[in-house]
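Here the structure is laid out as structure tokens; the discussion comes afterwards.
The values are calculated or read from the model by the stated rules, or taken from the named source; none is laboratory data. On a predicted model such as this, the values are computed, not experimentally measured, just so you know. We place every Cβ from the backbone using ideal geometry, glycine too, and count neighbours over all the protein chains shown.
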Amino acid sequence: MTLLALSIPCLGAPAALRSWRFDCGTESSAVAKGYRRLTAADLYSPSTGFGWEKGRPAGAEVRDLPDLKPFLLYPYMIESLDDLNRDSVVSTEDLTFRIDVPPGTYRVRLTLGDMSRALGSIDVTVNGETAAEHVAAWTPGTRGPGNHRRILMDPYGWRSEVRHTVHAKQGFIRIELKKNQSYYDRMLAGQERHEAEWNPNWRAHYARVGVTAPPYFFIGWPFVHHSVMAIEVVPHRPAPIVKRDGRLDLARTVASPALGEALAAWSGGRYEEALRRLEGATEAPARVPRAILELWLAGRLEVEDERELVEKALAVLDPHCDRHPEENGAAEIVSDARTFERALRMHRTRGELGKNHFVENAKAIGLWWLVRDDSPLFDKSQLYIARAAHMLLPYFPTRGTEREILRRVEAKYPSNRYVRYLLHHQWEPYGDGSRFDDWRMTDYGPKLEGAPAWVRALYPAWAGMLDWAEWFLGFKQAPDGSIGGGWGDDVEVIGSFGYLGFTSRGVSDLTLEGTRKLVEGVWNLSEVDPEIGYCLPLSDAEHTAEWTGNTLGMMVQIDYGNPKWIERSMKTAKLMRDLWTDYDRHGRRRFRANYFGGAQVGGGGQQNDSWINYRAIRPAAAVLRYNGNPTIARLYVELADAWLASALLTDRGKPRGVIPAEVSFPDGTPGGAGSPSWYSASHAVDTGNEDWAGASAAYKGYLYELFFNAYAVTGDAKYFEPLRLEYELAARHGRAPAASGARMEQIPGGRGDGSELVVSSWPELASPAAGGARRDSSVEPGSEPWVADHLVGTQAWLLARQLLEGRRGPLAEDITRSDVLRYSEFIYRMLRLRWPLMTTEASATDRVDFVGSCNAFFIYTGGRWGGAYMEAPVTYENTTRDFAAAVLASDSQGFRLLYHSLAPDRRRIGVIPWNLEPGGRYLLRYGPDADENQVMDAVAEERELEIARPGVSLPVTVEPRKTYVIEVEQRARGRKPEPAPDPALSSDDIRYDPQHSLILARIHNVGAAAVRRVRVAAYDGDPRSGGTLIGESVIPNIEAPNDLEPRTVTIGFPWKAAKPELDVTIVVDPRGEIPGEITTRNNVVRVRLKIDMKYKKKFLGEA
């Protein structure tokens, strides 16, 4: 809706009053429709009756924004240019405009701004009355990586409106623009004092988000120049409803009792009543006032139906203002509502495919900033600015501009839930949990009455995390699978969801299906090239590896046996073999660079084999672990040989055995290409090199996985030599850990996720300090004591030693029951603190959970970070959702866990081991533990069994509301499994061909040995519940995919479809004739196929 008329009569006003609308610019710039050109040459004269009186006006026009072309917001900024804002009249000196008008009351509206740069420190007066102070015209921008998350870092040019009502008694209106930077300078000088009053540790809070210099919060901008885009002077006609002294009144009489009652309720602070009363205002004259009141209600923070109310109001007001251009008061309200609605739409759809949620929030903030303080929607706009800005930097405590806005909002709305949460970290349940904007956590207290302490602590932590995963997937997952943060960030959190669902089969179909859906979206719709199998653009390994490295290996693990994930993961191995790695000058296979994509490998200072590179190959490791693929095994051994050699080198003063963070390619220099020392990397532009000291322990863990995989393939102890030497070096200086129980994520402090708030309220929650005393800053870099100070991950040797020697004696506890209580309490308290931030207030999905959040899964399963993504030595089945489990100890030779059923009935559950030595003999024993001392009171059942492969379920009978100790202990060592066949199919492999009336099933071999003479059966329905056999057929041979190429055979079953949907079950090896399959979980698939009953067959010879 645009104000069009140049000169219109004003209803109810003297006929002589006119309207003027000037589009300021140059002689040649375009003029907006409905406006008159005003240039710098239009100086005031009595004959024209308008023009510039003072200043040095000059015309300006923005045709492009070349400085912004490299940055994310450039397309939006170009799209935002229009005939009204791309040109202006500018002046570095104070500027005055005069227009002669008949005496009367007028509304003056100025559009100030420069689309090429942010402006500020402008005061505006109209006939000597202050119209606005410290005007700033800007929108959040970005000119560097991540700066779009800090809204003041790179302000872009934008526009700003000044509106003022003036009584022109002397026959003219004089508009003066004055430079006034004193306010900005004063506020800037006082910001550090202001921040120190807020928080003694304020510098650290800002440094965490990359802000090290003022302005720390918005105070406007320095003066650059005046820039006037448009001037409008129109006879003032107030909106049908006006605000006076905190009350709403009718500007003109409207015969509607319900409308009057609604206005009275609004003015009395009874907003829900106002909404109800307003429903009765159905009279035709009340339609427009009613819509205006709906906007006033939408702007109140007590009312949370703004989206519906604004949409409803605009449906009435837009056509009304188009029909009545004299209604400029209503038109201003409509203009603000349109801006608000557009910003809200950007904000709420920020996670859609093809959008960047950071950018969309920044754009929305710039629009909400346009909503003036006289608008019905001002307060709500301010709240949304604060919420969106906090989503850009979702940390505690709330700081900067968003904090200052929330403080101002708090003065008016002290009980608003967003204000209380973002400022004071306090929240109460809101709603019943059925709507997106509700805040509600499940209260598990009643279910846990009478349960032991460890169950009362652990179960709400695990179930609460599962509830959160289901909230996210239920409310935020789009049809394409994305969850709102962009694929590159979504893959950083999806593991939490998938593994929680993996804890026990059937506890949450939503999390497993949502995980599959997202991984499918990443594969088909993201930067991943499905044919190549990896992120296509060239970039640092840390980020390109996430797309598939965080997803495919996990899916191999949690959707065990599905050929889709195994064959996709084989593409990673092909890239390892054919593109990413090569033999260096010493004949050792290495990564060629730590920058690579699906079709490119970096050069120059990027040519380093780095720890982080091995994140990318986790899918290949998952296949290796699944079937022992010999090609992948050979690749892992060759890469491990190279790193073993680098670790044992003493070049450049590196201690023998210490694993460098970077090794250059092709010369094999420890420290990397162009590095000054073995422990200091080169940090040239566009390199991702890491110094050895302070490098990520998680990244080093990828190297440990390489060594462990090489040992698993070869049985050669040499691959653990670096681990032993690092451990011994650390031990010589008192830095070695005493036990390998560091599988839990340690509880941190001061990370901005709120953990410091939780730990400060209960210091016992903090993890004990590991590795002895603090580092000595006086120790010479590179010396052995300095190396010992900075070694990370040395507990890996303890696990390696156990693999070499076998366990001697009973299982050592990984965690104690007190650890279970401490970690669980931390998780639950963090969930309680962060629930809004992890749900409705979440935007950056890579920052939505918290360090330590995975510990509930680790406790239930004995898991840790590693392997495909996370390890899970034990999972479960047939438990229902109502159970607690704590794996106190586990290794490759056994495990011990506590199990407590909260289900109401006796159950035959399944305990599924994944990490035991295959082919070993084991003793399973379990029994109740009534006194909760972690010792069986009596053995309920004991049996010896051989576990041939991972993933075999061990049945255990449990009574409700009892704690059991379940133990599995090795009786005879296992053996390396022989290559095995594995015929498989998935739901994607079954289709119906109407042309030939065939059910087609594609059968894969995802093992490491050929499948010979496998029988395949097709059923109409489920054979376990009365389904009838359609047919059987035998496939003579499916070779193993040992060359990394999928091996499949498609087989057909004649079947004439008699209905539009077929219920088909395909069973591979229905009689169990294939010996030694890796798993039979991938042998049966049931699908429902839609059939086109109108399909017309084509015959041979037909086109």
Original post:
Within the group 161, 129, which residue is farther than 17 Å from residue 369 by Cβ and either without any contact (Cβ under 8 Å) to a residue 24 or more places away in the chain or charged (D, E, K, R) (or both)?
Top reply: 129
Original post:
Conditions: (1) touching a strand residue (DSSP E or B) at 6+ places or on another chain (Cβ under 7 Å); (2) not assigned by TED's automatic domain parsing to the domain that holds residue 92. Residue 315 meets all but one. Number of the miss?
Top reply: (1)
**OP:** Give the residues of segment 412-471 that are among the charged types (D, E, K, R) and over 26 Å from residue 494 (Cα atoms), sorted by residue number.
**Re:** 412, 417, 420, 428, 447, 449, 456
Subject >> Residues (of a type in the set (Lys, Arg), part of a helix (DSSP H, G or I) and more than 16 Å from residue 294 (Cα to Cα)) located in segment 321-350 >> reply: 323, 342, 345, 348
Original post:
Among the candidates 937, 905, which residue alone is part of a loop (DSSP other than H, G, I, E, B), without any contact (Cβ under 8 Å) to a residue 24 or more places away in the chain, closer than 26 Å to residue 452 by Cα and acidic (Asp, Glu)?
Top reply: 937
Original post:
Can you spot a residue in segment 81-91 that is among the hydroxyl-bearing types (Ser, Thr, Tyr), in contact with a strand residue (DSSP E or B) (Cβ under 8 Å, 6 or more places away or on another chain), assigned by TED's automatic domain parsing to the domain that holds residue 30 and under 18 Å from residue 127 (Cα atoms)?
Top reply: no
Subject >> Identity of the residue in segment 487-529, within 12 Å of residue 469 (Cβ to Cβ) and among the β-branched types (Val, Ile, Thr), that ends up surrounded by the fewest Cβ atoms within 10 Å (Cβ to Cβ) >> reply: 507
Subject >> Candidate set: segment 644-656, residues that are hydrophobic (A, V, I, L, M, F, W, C) and over 14 Å from residue 583 (Cβ atoms); chosen: the one surrounded by the most Cβ atoms within 10 Å (Cβ to Cβ) >> reply: 647
Original post:
Where in segment 57-120 are there strands (runs of 3 or more DSSP E), lying fully within it, with 1 or more residues that are touching an Asp or Glu at 6+ places or on another chain (Cβ under 8 Å) and hydroxyl-bearing (Ser, Thr, Tyr)?
Top reply: 87-91, 95-100, 104-113
**OP:** State all residues of segment 560-597 that are of a type outside the set (Asp, Glu) and assigned to a strand (DSSP E or B); if no residue qualifies, say none.
**Re:** 581, 583, 589, 590, 591, 595, 596
Original post:
Going by the structure shown, is residue 68 assigned by TED's automatic domain parsing to the domain that holds residue 226, under 41 Å from the mean Cα position of the chain (by Cα) and at pLDDT 95 or above?
Top reply: no
**OP:** Output the number of the condition that residue 1050 fails; it satisfies all remaining conditions of (1) farther than 27 Å from residue 574 by Cβ; (2) at pLDDT 95 or above; (3) not charged (D, E, K, R).
**Re:** (1)
Subject >> Single residue of segment 971-985 satisfying the filter (surrounded by fewer than 19 Cβ atoms within 10 Å (Cβ to Cβ) and either of a type in the set (S, T, N, Q) or part of a loop (DSSP other than H, G, I, E, B) (or both)) that is modelled with the highest pLDDT >> reply: 979
Original post:
Given segment 186-255, what strands (runs of 3 or more DSSP E) lie entirely inside it while holding 1 or more residues that are within 41 Å of the chain's Cα centre (by Cα)?
Top reply: 226-235
**OP:** Pull up segment 277-326, narrow it to residues that are under 33 Å from the mean Cα position of the chain (by Cα) and of a type in the set (Lys, Arg), then point me to the one that is nearest to residue 345 (Cα to Cα).
**Re:** 307
Subject >> Filtered residues of segment 443-469 (kept if over 15 Å from the mean Cα position of the chain (by Cα), without any contact (Cβ under 8 Å) to a residue 60 or more places away in the chain and outside any loop (DSSP other than H, G, I, E, B)) >> reply: 446, 456, 467
Original post:
Where residues in segment 342-385 are closer than 17 Å to residue 842 by Cβ and acidic (Asp, Glu), which of them is surrounded by the most Cβ atoms within 10 Å (Cβ to Cβ)?
Top reply: 360
Original post:
When you go through 470, 404, 410 one by one, which is the residue that is within 22 Å of residue 518 (Cβ to Cβ) and not assigned by TED's automatic domain parsing to the domain that holds residue 151?
Top reply: 470
**OP:** Tell me which of these residue 479 doesn't satisfy, since it passes every other one: (1) of a type outside the set (A, V, I, L, M); (2) within 30 Å of residue 352 (Cβ to Cβ); (3) buried (at least 24 other Cβ atoms within 10 Å of the Cβ).
**Re:** (3)
**OP:** Name the residue, out of 999, 947, that is among the aliphatic types (A, V, I, L, M), surrounded by 14 or more Cβ atoms within 10 Å (Cβ to Cβ) and farther than 28 Å from residue 914 by Cβ.
**Re:** 999
Original post:
Does residue 143 qualify as being within 31 Å of the chain's Cα centre (by Cα), surrounded by fewer than 22 Cβ atoms within 10 Å (Cβ to Cβ) and under 30 Å from residue 71 (Cα atoms)?
Top reply: yes
**OP:** Looking only at segment 294-329, count how many residues are within 29 Å of residue 106 (Cβ to Cβ), hydrophobic (A, V, I, L, M, F, W, C) and surrounded by fewer than 18 Cβ atoms within 10 Å (Cβ to Cβ).
**Re:** 1
**OP:** Take residue 880 and decide whether it is in contact with a strand residue (DSSP E or B) (Cβ under 8 Å, 6 or more places away or on another chain), touching a residue at least 60 places away in the same chain (Cβ under 8 Å) and either among the aromatic types (Phe, Trp, Tyr) or surrounded by fewer than 22 Cβ atoms within 10 Å (Cβ to Cβ) (or both).
**Re:** yes
Original post:
Looking at residue 480, is it at negative phi, part of a loop (DSSP other than H, G, I, E, B), of a type in the set (D, E, K, R) and free of Cβ contacts under 8 Å to residues at least 40 places away in the same chain?
Top reply: no
Subject >> Breaking point among (1) assigned to a helix (DSSP H, G or I); (2) free of Cβ contacts under 8 Å to residues at least 24 places away in the same chain, for residue 292 >> reply: (2)
Original post:
For residue 420, are the conditions met, namely being within 23 Å of the chain's Cα centre (by Cα) and of a type in the set (Lys, Arg)?
Top reply: no
**OP:** For residues that are without any contact (Cβ under 8 Å) to a residue 60 or more places away in the chain and either loosely packed, with under 14 Cβ neighbours inside 10 Å or closer than 14 Å to residue 25 by Cβ (or both), tally how many sit in segment 71-85.
**Re:** 4
Original post:
Residue check, residue 1044 against (1) over 43 Å from the mean Cα position of the chain (by Cα); (2) assigned to a loop (DSSP other than H, G, I, E, B); (3) of a type outside the set (Gly, Ala, Ser); (4) on the phi > 0 side of the Ramachandran plot, all met but one. Which one?
Top reply: (1)
